[in-house]
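The values are calculated or read from the model by the stated rules, or taken from the named source; none is laboratory data. What you see is a predicted model; the values in this text were computed from it and never measured. All Cβ positions, glycine included, derive from the backbone under ideal geometry; neighbour counts span all protein chains shown.
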Amino acid sequence: MKKISRLAKQKENIVDTLQLPKDVCMGALCVTLTGNSEAWIENYRGILEYTGETILLQGKTCQVCFEGSGLSIDYYTNEDMKISGCIKAVRYL
Amino acid sequence: MITLIQFLKGYLRIKVWGFSPERFMNLCSMRGILLWDIEKDGDAYYMCISIKGFRSLLPITHKTGTRVAILQRHGLPFFMPLLRKRKIFILGLLLCISFWIFSSFFIWDIELSGNYQITEDVFLSYLKSNDVTVGMRKKELDIEELEKGIRRQFPVITWTSARLDGTKLLIQIKENDTPSVLPEEPAEGGKDLVAPFDGKIVSMIVRSGVPKVSIGDEVTEGTVLVEGKIPVLNEDSTPREYQYVSSDGDIVMEHAVTHEETLPFDHIEKEYTGRTKVKYFLRIGNLEWRMEEEQPFSVYDSVIREKIPVLFQKLSIPVMAGSITHREYVNVEHTYSEEEAKSLLSQKIREFFLSLEEKGVQIIEKDVTIERGSGAWILKSGLLVQERAFRQEATAQEPVPSKNPETDE
């Protein structure tokens, strides 16, 4: 476990040094919020849970949970997705 | 744009429920099936999917244990079969489009702008004589030739531009607005400038001729102001001969003017009874169809409203629809109150002053009175005005003084 985290640290250092985009190299989730009504997400693996109040997404390294009310998915493709509704919280799990 | 493409390709609104709808969505995205407007209501998920995507859903539903139901069908692929049943509608649509296209091959309106001296009627009759008419084919029109022809026909036109805007022929012209220089009449006998009325000379600028009065002089009508006879003097200041010229100059005279306006006490006013009758008409080119009518009322006036439908307006096709409203009225005799009369008369006198100012007359003093005459209000105004005034008259010929016999010294 320790070894994996050390490798991850090293990789992050290299990416930082070479000034490479982290979302491409590290597979980090890219979340763009517009106010509290829209969210645009890239680099995810899939949906784990979807209700009107919660949308839980699986990323490469973590999970992200959008909480709010009246949440709906405007579109959903392999590349990106857009969530709209009243977003009250974004939590990383 | 995206909505239009979606409409053209067609899409479905589906309901997904069952064991794992989230997995269903993930698998769809993995296989490149686009889903949009995903909403959850109770246990079911509602979403939109393309027709092509829907056809490849079967393995996914098997894998995820979900069930899919179509709720709505949208787009052109679902609309077309419905249209097949409506043959008359299709026929009408096609006829409409073909009429539209066919009518766009013709000129339906001719608009002329920039003409001041040449009236529209004269111009249009010229166009007609050159076979440029409303309803002609666009192809038959040679714009360059038309422009040249216009310039040839009307020498006063200095610039022409004709262009087609849709089905409208726009002709813009520019007329020569500088006054045409008339060839000067040979100064046979010369011309004097004489006073056209009694008054006082206020300013005087003489360009040719011999001034006979000076600024400040009181003159009577017919007084010679500038003489068109220039004496050529001998050495002893006696006139040897006279040169006759056409006098020219700017002379401003001050004189008194009286003006009177009257307004009868009584006048007749229309009083509408409120009863109206409306008739409709339709006009296509010179053909007119209107609802049959007898004399609607014994005394009435009519208001005609014409309107070109928007579609024809854009195409400039001369189709016009309108209404004629006949309004009944009775003639009622009214008497002006003093205030009404005064305001009407002051309005009239204001217009008179304005017309004077437009003519270049400067009002120095004015004295206006309104009084009650017999049968009418009378407005009297005495004005002191300054205006550019002179009249040309032939110079009186004077015999050349006989030459003195030369004496030898």
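Worth pointing out:
- Residue selected from segment B:328-343 under the condition surrounded by 14 or more Cβ atoms within 10 Å (Cβ to Cβ) and touching a residue at least 40 places away in the same chain (Cβ under 8 Å), by the criterion farthest from B:E261 (Cα to Cα): B:E328
- Every condition in (1) farther than 16 Å from B:P21 by Cβ; (2) at the interface with another protein chain (Cβ under 10 Å from one of its Cβ atoms) holds for A:G46 except the one numbered (1).
- Whichever residue in segment B:242-262 is among the polar types (S, T, N, Q) and in contact (Cβ under 8 Å) with a residue 60 or more places away in the chain and, among such residues, is surrounded by the most Cβ atoms within 10 Å (Cβ to Cβ): B:S247
- Subset of segment B:28-60 [more than 12 Å from chain A (Cβ to nearest Cβ), surrounded by 16 or more Cβ atoms within 10 Å (Cβ to Cβ) and of a type in the set (V, I, T)]: B:I60
- Counting only strands (runs of 3 or more DSSP E) that sit wholly inside segment B:16-76, those with at least 1 residues that are free of Cβ contacts under 8 Å to residues at least 24 places away in the same chain, out of contact with any helix residue (DSSP H, G or I) (no Cβ under 6 Å at 6 or more places or on another chain) and within 24 Å of A:L71 (Cβ to Cβ) are B:35-41.
- So B:V156, is it among the hydrophobic types (A, V, I, L, M, F, W, C), more than 30 Å from B:I308 (Cα to Cα) and in contact with an Asp or Glu (Cβ under 6 Å, 6 or more places away or on another chain): yes
- In the set (1) more than 30 Å from B:A341 (Cα to Cα); (2) aliphatic (A, V, I, L, M); (3) touching a residue at least 40 places away in the same chain (Cβ under 8 Å), B:L233 fails one condition alone, (3).
- Tally of residues being in a loop (DSSP other than H, G, I, E, B) and either within 10 Å of the chain's Cα centre (by Cα) or closer than 17 Å to B:L27 by Cα (or both) across segment A:38-74: 4
- Restricting the search to strands (runs of 3 or more DSSP E) fully inside segment B:84-199 and requiring at least 2 residues that are touching a strand residue (DSSP E or B) at 6+ places or on another chain (Cβ under 8 Å) and closer than 30 Å to B:F390 by Cα gives B:191-194.
- Criterion violated by A:L18 - all others in (1) surrounded by 14 or more Cβ atoms within 10 Å (Cβ to Cβ); (2) over 25 Å from B:G53 (Cβ atoms); (3) of a type in the set (A, V, I, L, M) satisfied: (1)
- Residues in segment B:224-240 that are surrounded by fewer than 16 Cβ atoms within 10 Å (Cβ to Cβ) and not in a strand (DSSP E or B): B:N234, B:E235, B:D236, B:S237, B:T238.
- Annotation: of all residues in segment A:75-89 being part of a strand (DSSP E or B), out of contact with any Cys (no Cβ under 8 Å at 6 or more places or on another chain) and surrounded by 15 or more Cβ atoms within 10 Å (Cβ to Cβ), the one that is nearest to the other protein chains (Cβ to nearest Cβ) is A:Y75.
- Out of B:L8, B:L12, sole residue that is over 19 Å from A:S84 (Cβ atoms), part of a helix (DSSP H, G or I) and either within 60 Å of the chain's Cα centre (by Cα) or among the charged types (D, E, K, R) (or both): B:L8
- Among the candidates B:E22, B:E39, residue that is within 60 Å of the chain's Cα centre (by Cα), charged (D, E, K, R) and in the same structural domain as B:H74 (by TED's automatic domain parsing): B:E39
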